[in-house]
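The values are calculated or read from the model by the stated rules, or taken from the named source; none is laboratory data. The structure presented is a predicted model; accordingly, all values stated were derived computationally and were not measured. Because the Cβ atoms are built from the backbone with ideal geometry, glycine has one as well, and the counts that use them run over all protein chains shown. Surface areas here come from the heavy atoms of the whole protein model, side chains and all, with no ligands, DNA or RNA. Shrake-Rupley method; radii C 1.70, N 1.55, O 1.52, S 1.80 Å.
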Amino acid sequence: MELKIIRTDDQVTQVALVGKLDLAGVQQIEMKFTTVVASRGKPAVVDLSETTYLASLGLRVLLLAARALSGKGAKMVLLNPSPAVLQVLQLGKIDAIMPIATDLAGAMAAAGVK
């Protein structure tokens with residue numbers, strides 16, 4: 001699992017998760033993801049288009065970050081998950097907690113970024 005930092009500025013944090021978000025993947029990125037995404041307190045867009053697998057531990061990482069951002073008045077939006085990852089998100093009802101967008105403009109709008 002790789003965490004790519006795409007944008008961090010005063011408006012938004014944008015990252016991409018590449019690979020499998022399973023036990024090994026979570027161990028590789030959890031601390032950095034939390035620091036980059038949740039600790040900043042800015043709206044976040046998390047690109048899942050190259051995430052090939054999402055396990056329950058990966059869901060936990062996403063949920064904890066979204067909860068931390070919500071406590072700071074910011075949203076986390078998931079961008080363009082692959083069909084397999086989208087199915088896991090929908091089965092876990094994550095789409096009711098975090099918006100899911102299919103394009104960057106929609107993700108930025110859902111996150112409240114102008």
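Tabulated results
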read-out	value
All lysines inside 18 Å of LYS72 as judged from Cα atoms, apart from same-chain residues fewer than 8 positions distant	LYS42
Computed [θ] at 222 nm, helices only, for the chain once each DSSP H run of length n ≥ 4 contributes -39500 (n - 2.57)	-11500 deg cm²/dmol
Inter-probe distance in nm under a simple model that places probes 7 Å from Cα toward Cβ, at ILE6 and SER39	2.3 nm
Per residue accessible area in Å² of region 54-114, where ligands, DNA and RNA are left out and the probe is 1.4 Å	53 Å²
Long-range tail of P(r) for the chain (Cα pairs > 25 Å, %)	9 percent
Given charges at beta-carbon only (K, R positive; D, E negative), |dipole| of the chain in Debye	360 debye
Cα-Cα separations in region 74-114 greater than 15 Å, expressed as whole percent	36 percent
Percent accessible area from carbon and sulfur atoms, the chain, protein chains only, probe 1.4 Å	55 percent
